[in-house]
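Take a look at the structure set out below.
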Amino acid sequence: MGNEEEYLYTKDHEWVCFEESCAFVGIAEYAQNALGDITFIELPEPDAEVEQFEQFASVESVKAASEIFAPISGKIIEVNQELSSAPELLNKSCYQKGWIAKIDPSDIDEKSNLMTFEDYENFLEGLDR
Amino acid sequence: MQASLYRTPLYQAHCDLGARMVDFGGWLMPVQYEGILSEYSRCREQAALFDISHMGEFIFDGNPVSDGLEKIITCEVSSMPIGSSRYGLMLNDRAGVVDDLIVFRISEKRFMIVVNAANIAKDFSHLKNNLLAPSLITDISEKTAKLDLQGPLSREVLKNIIPGVESLDYFHFNCFDILGEKNIVSRTGYTGELGYEIFCAPEKAQALWKKLLDDERVRPAGLGARDILRTEMAYSLYGHEITDDISPLDAGLSRFICFDKEFIGKDTLLQQKQSGLKRKIIYFLSDTRRSPRHGQSLYENDSKEIGIVTSGIFSPSLEKGIGIGLISVDSELDGDKIFFGDKKNKSSAAIVKRPFYKKGSLKT
């Protein structure tokens, strides 16, 4: 995986990182910070088909539960099993060790529905105002 | 919106520490500082400092029997030794709980009653309306700040600042000199750990808060950590396990009721005992790290709804979700197996005995 400046983002604070023909997905710093200590993650099933912007996983923190939406459509080819016993990786390393799933994208043109890092930073600034 | 919320004398101190502030029963309170789980661990392992100034304090001056206090509170007040505290409840005439509280006997004819923040006005009217004379009760909530130091090291920390405090027994209190003032310090708390509650004037709260935090073993902890600590101990919380509509018998609190005296709600409780309870409280441990949540449903199998989750949270000590709930006594459970969630998504759990956390330092 690269670094977060090369990733693409959703308005719901998920990120996607394209690597060769696959896409790693996870949640952004803003989301992990808002959730606080994450205590549980419901991972998608391997081989499941997911649709862009539809729920594909959920997380729970000490005080709240939250849905996670797929940043891109495709088939789940791998999930980060380490998160089952150590969901705190989502807090500690949301852009690297805390990746959630690896997707085989079905429509690469969907990239145009996502924000670049710069766009996303601007979007976050708008939220804080 | 936030401008209308009450603030404790420590509001600025919380902001300076970077606390995340939330509306808690009309009060702007810190839910967390650095993180809920680390604040929880600080309380279980060393010492954590909580601002509980939002809670209410009343002074009753009178004879507990002839002036009517005994008839309002479910635990026996007149037998309390001076310098002791006792947990009790105030009931309405339908035996619903007006509030849970702690009574402190300051002298033969003076008592302090500590109540929940959100209930201060309701409790004060309930007392005024039911005591022999309204003038017997005074609301000192605004003149009283409260700092709770909880954790296995709390005694070691506090005896350096308040000499003599180390001799206090559990559920006892005394007056001590703190920063040039006489203040009540009690050995009470709601965390399962050895701990103290310090009542002081609002003007002194900030100085005392800073002095306690000067000890590097102490860190501030917010309401998030407090909720995990009390749920792990399976302690009831007003608005969750106990409300105006839940009888203390349903809530499993009969040990705090003295049936050898007259009190408001007693007749209804006796009727309930005679006709049999319809609901009972249960404590359950999730099979996974998924936590039950307040308000979710409870099921006896995949479909039959039998009750409601009153409290649910992730337990760091058990690394699983834990819950407290009220279920119908007619439920036909399969052993200790129970389900929580909603119609679409249910998780399995096992009914267990309280408390969830058994290694607390409370009794040392």
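Each value in this text was obtained by applying a stated rule to the coordinates, not by laboratory testing. Here the structure is a predicted model, which means the values were calculated and not measured. Please note: Cβ atoms are built from the backbone with ideal geometry, for glycine as well, and neighbour counts cover all protein chains shown.
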Rounded to whole Å and sorted largest first, what semi-axes of the equivalent ellipsoid does the C-alpha gyration tensor of the range B:115-198 yield via the square root of 5 times each eigenvalue?
29, 15, 11
Which of these, A:Asp109, A:Asp12, A:Asp119, has the largest mean-square fluctuation under a Gaussian network model of chain A (Cα springs below 10 Å)?
A:Asp109
To two decimal places, what compactness ratio does the range B:279-320 give when its Cα radius of gyration is scaled by 2.2 N^0.38 Å?
1.19
Would you mind telling me which residue in B:Ser317, B:Ser297, B:Ser275 has the biggest mean-square fluctuation in a Gaussian network model of chain B, where springs connect alpha carbons within a distance under 10 angstrom?
B:Ser275
B:Asp336 paired with A:Asp47, simple spin-label distance in nm, labels 7 Å along Cα-to-beta-carbon:
3.6
For the range B:184-292 the chymotrypsin sites (Phe, Trp or Tyr not before Pro) that pass both the DSSP coil test and the at-most-15 other-Cβ-within-10 Å test are B:Phe259
Please find, in a Gaussian network model of chain B (springs between Cα atoms separated by less than 10 Å), the residue of B:Val22, B:Val114, B:Val103 whose mean-square fluctuation is greatest.
B:Val22
Compute the FRET efficiency between B:Lys363 and B:Gln206 as 1/(1 + (r/R0)^6), taking r as their Cβ-Cβ distance and R0 = 25 Å, and round to the nearest 0.05.
0.15
Counting all Cα-Cα pairs in the range B:231-333, those more than 21 Å apart amount in percent to 39
Please compute, for the alpha-carbon atoms of the protein assembly as shown, the extent along each of the three principal axes and give them in descending order in Å.
83, 56, 42
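Could you tell me how many cubic angstrom of Cα convex hull volume the range B:1-128 has per residue?
In the range B:1-128, the Cα hull volume divided by residue count equals 148 Å³.
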Subtracting the Cα-Cα distance of B:Leu17 and B:Ser135 from 0.36 nm times their residue separation yields 38.4 nm
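For the range B:278-364, what does the relative contact order come out to in percent, with C-alpha contacts under 8 Å and a separation of six or more?
35
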Between A:Glu78 and B:Asn92, the two model label points (7 Å from Cα along the beta-carbon direction) sit apart by a distance in nm of 5.9
Computed for the range B:155-304: size of charge dipole around the Cα centre, +1 on C-beta of each Lys and Arg, -1 on C-beta of each Asp and Glu, debye to nearest 20, value 240
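Which values, in whole Å and largest first, are the semi-axes of the equivalent ellipsoid of the range B:226-277 obtained as the square root of 5 times each eigenvalue of the Cα gyration tensor? Intermediate values should be presented prior to the final figure.
Working: eigenvalues 117, 26, 19 Å².
Taking √(5λ) for each eigenvalue gives 24, 11, 10 Å, largest first.
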Could you tell me the extents of chain A's C-alpha atoms along the three principal axes, largest first, rounded to whole Å?
37, 37, 24
Would you mind checking the pairs A:Lys75/B:Lys343; B:Lys122/B:Lys266; B:Lys210/B:Lys358; B:Lys146/B:Lys261; B:Lys273/B:Lys337 and listing those with alpha carbons more than 30 angstrom apart?
B:Lys210/B:Lys358; B:Lys146/B:Lys261
Stokes-Einstein D for chain B at 20 °C, 1.002 mPa s, Kirkwood Rh over Cα pairs, in µm²/s?
100
FRET efficiency for B:Arg217 and A:Leu124, Cβ-Cβ distance as r, R0 = 30 Å, nearest 0.05?
0.20
